[in-house]
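Participant: Here's a structure for you.
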Amino acid sequence: MKQRNLGSLQVSAIGLGCMGFTAAYGGQDVSASIATLHRAVEIGITFFDTAEVYGPYENEEIVGKALREVRDQVVIATKYGFAIGDEGFGFQRTTGLDGSPANARRVAEASLTRLGVDTIDLFYLHRPDPAVPIEESVGGMAALVEEGKVRAIGLSEVSADQLRRAHAVHPITALQSEYSLWFRDAEQSVLPTCRELGIGFVPFSPLGRGFLTGGIRSRDDLEQDDFRAGLPRFAEGNLEANLALVDRLKEMAGARGVTAAQLALAWVLGQGDDIVPIPGARKIPHLEANASAVDLRLPVDELAAIGGVMAGVRGARYGEREQARLAGQR
C-alpha cells in the first residue's frame, strides 16, 4: 500500500472510516466488523478513524479489540466534541456540543480505555463548539499531547479562519471534512489554507455517503435506521436526479474497466498527495475494491472530466436544522 504523510504521521494513502460498523448505516455483527478490520491490516491499510459518538462508545471498543495485536503497525484516530445523553442510539443520543478542555480530557481518557491503547495517535475536535473559543478547545487538546496521552491534534468541519486560529495555539496535523465528487466546498478556502499551513486533509464520505458507488437505486435500498434516509440528497425527486449523474460516472468507470466507487476515490486521491480519504466499508469485498483505487492514476484532463460529471447535484448536504447548526459553529 502506498503511503502518504499527515503532518508528522505517515499513513496508508487510503484509510478506513469505521463509523458504519455501528448504527449509522444500519451497523452489523461485531465479528463481521472485526474480520473487515483484520483484512484491512492484511492489505496494508494503517489508518483507522473512529469516534466516541459512533455507537456511541461501541465503535471504539470494536476498533480497539480488532487492532490490539497490531497496535505498533497502525495509526488510530478518534474524536471528541459532543455531549451525549442516555436516550436513543448513535447520533440521536447527542444533546449538543461540548468542546471544553474538561470534555477533551474526559473523552480522551475514556477513549484510551475503550481502544486499549496508551496513546491516541490523532485526536480530533469533532465539531467546533460555538460556546467555546477554538483556542480553548485546542489548548485543552495540547495539554493532552504534553502529557503523552495524544500524539497529534486534528480538527473536523472547521472554517479556514478557525483553522488558522487553532494552528496558532498548537500545530494541527490534519483537518477532516466531507469532500467528494458531490461535495466540494472544501476547495473554496479550507483546502488551500491546509496547504498553506502544511496540514494534511482527510476527506470523510469520499463516496458521497455511498451514493457514488451506484449501489443505491431507491430509498428502499436504505435500512430503516439508516440516517441517510433523512438527508435531502436522498429525498424523492432529488434521488432520481442524482442517480442520472451517477449513471454517467458509472459509464466513465466502465470505459476504464473499474467501478464507479474506484473512479470516485481515484479522483479524490488525485487532488493531491496531502489528501488521505477514509471511505467506510463494512464488507471485505468493498474494502478491497476501495483500497485498489490507490493504484489507479488519472491524468489531469481525465480528473477534470470526472470532476464535471457531478455538476448539478440536487439537494442540500443536510436538512435545514443541521445546516443552521453548522452555520452557527462558524
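The values are calculated or read from the model by the stated rules, or taken from the named source; none is laboratory data. Everything quoted here is computed from the prediction, not taken from an experiment. FYI the Cβ positions are ideal-geometry reconstructions off the backbone, even for glycines, and counts take in every protein chain you see.
Participant: Kindly list, by first and then second residue, each pair from a residue in region 225-239 that is within 13 Å of residue 208 (Cα to Cα) to a residue that is among the aliphatic types (A, V, I, L, M) and assigned to a helix (DSSP H, G or I), limited to pairs with Cβ atoms under 8 Å and residues at least 6 apart or on different chains.
Facilitator: 233/239
Participant: Evaluate the following for residue 174: is it within 15 Å of the chain's Cα centre (by Cα) and either more than 15 Å from residue 246 (Cβ to Cβ) or among the basic types (Lys, Arg) (or both)?
Facilitator: It is true that residue 174 is within 15 Å of the chain's Cα centre (by Cα) and either more than 15 Å from residue 246 (Cβ to Cβ) or among the basic types (Lys, Arg) (or both).
Participant: Within region 248-263, is there a residue that is under 30 Å from residue 5 (Cβ atoms), without any contact (Cβ under 8 Å) to a residue 60 or more places away in the chain and charged (D, E, K, R)?
Facilitator: There is at least one residue in region 248-263 that is under 30 Å from residue 5 (Cβ atoms), without any contact (Cβ under 8 Å) to a residue 60 or more places away in the chain and charged (D, E, K, R).
Participant: Looking at residue 251, is it out of contact with any Lys or Arg (no Cβ under 8 Å at 6 or more places or on another chain), modelled with pLDDT of 95 or more, more than 22 Å from residue 78 (Cα to Cα) and not small (Gly, Ala, Ser)?
Facilitator: yes
Participant: When region 176-208 is examined, which residues are found to be in a strand (DSSP E or B) and more than 30 Å from residue 248 (Cβ to Cβ)?
Facilitator: Passing the criteria: only 200.
Participant: Let me ask something else about it. So which of 40, 32 is over 17 Å from the mean Cα position of the chain (by Cα) and not acidic (Asp, Glu)?
Facilitator: 32
Participant: What about residue 65, is it assigned to a strand (DSSP E or B) and basic (Lys, Arg)?
Facilitator: Against the criterion (assigned to a strand (DSSP E or B) and basic (Lys, Arg)), residue 65 does not qualify.
Participant: While we're here: Any residue at all in region 89-108 that's within 23 Å of residue 277 (Cβ to Cβ) and among the aromatic types (Phe, Trp, Tyr)?
Facilitator: Checked region 89-108: at least one residue is within 23 Å of residue 277 (Cβ to Cβ) and among the aromatic types (Phe, Trp, Tyr).
Participant: Quick check on this structure: which one of 253, 281, 261, 316 is surrounded by fewer than 17 Cβ atoms within 10 Å (Cβ to Cβ) and among the hydrophobic types (A, V, I, L, M, F, W, C)?
Facilitator: 316
Participant: Could you say which residue among 113, 95 is touching a Gly at 6+ places or on another chain (Cβ under 6 Å), surrounded by fewer than 18 Cβ atoms within 10 Å (Cβ to Cβ) and not charged (D, E, K, R)?
Facilitator: Just a single option satisfies the conditions, and that option is 95.
Participant: Okay, moving on. State which residue pairs qualify: first residue surrounded by fewer than 13 Cβ atoms within 10 Å (Cβ to Cβ) and inside region 62-75, second residue among the hydroxyl-bearing types (Ser, Thr, Tyr) in any location, beta carbons under 8 Å apart, and separation of 6 or more residues or different chains.
Facilitator: 73/46
Participant: Take the residues in region 293-307 that are of a type outside the set (Val, Ile, Thr) and in a helix (DSSP H, G or I); name whichever of them is surrounded by the fewest Cβ atoms within 10 Å (Cβ to Cβ).
Facilitator: Taking the candidates together, the pick is 301.
Participant: Exactly one of these conditions fails for residue 19: (1) within 28 Å of residue 191 (Cα to Cα); (2) aliphatic (A, V, I, L, M); (3) at pLDDT 95 or above. Give me its number.
Facilitator: Unmet condition: (3).
Participant: Run residue 111 past the list (1) part of a helix (DSSP H, G or I); (2) in contact (Cβ under 8 Å) with a residue 40 or more places away in the chain; (3) closer than 14 Å to residue 19 by Cα and report the number of the one that doesn't hold.
Facilitator: (3)
Participant: Could you check region 139-175 and list, in sequence order, the residues that are of a type in the set (Val, Ile, Thr), more than 14 Å from residue 199 (Cα to Cα) and surrounded by 23 or more Cβ atoms within 10 Å (Cβ to Cβ)?
Facilitator: 150 - this is the single residue of region 139-175 that is of a type in the set (Val, Ile, Thr), more than 14 Å from residue 199 (Cα to Cα) and surrounded by 23 or more Cβ atoms within 10 Å (Cβ to Cβ).
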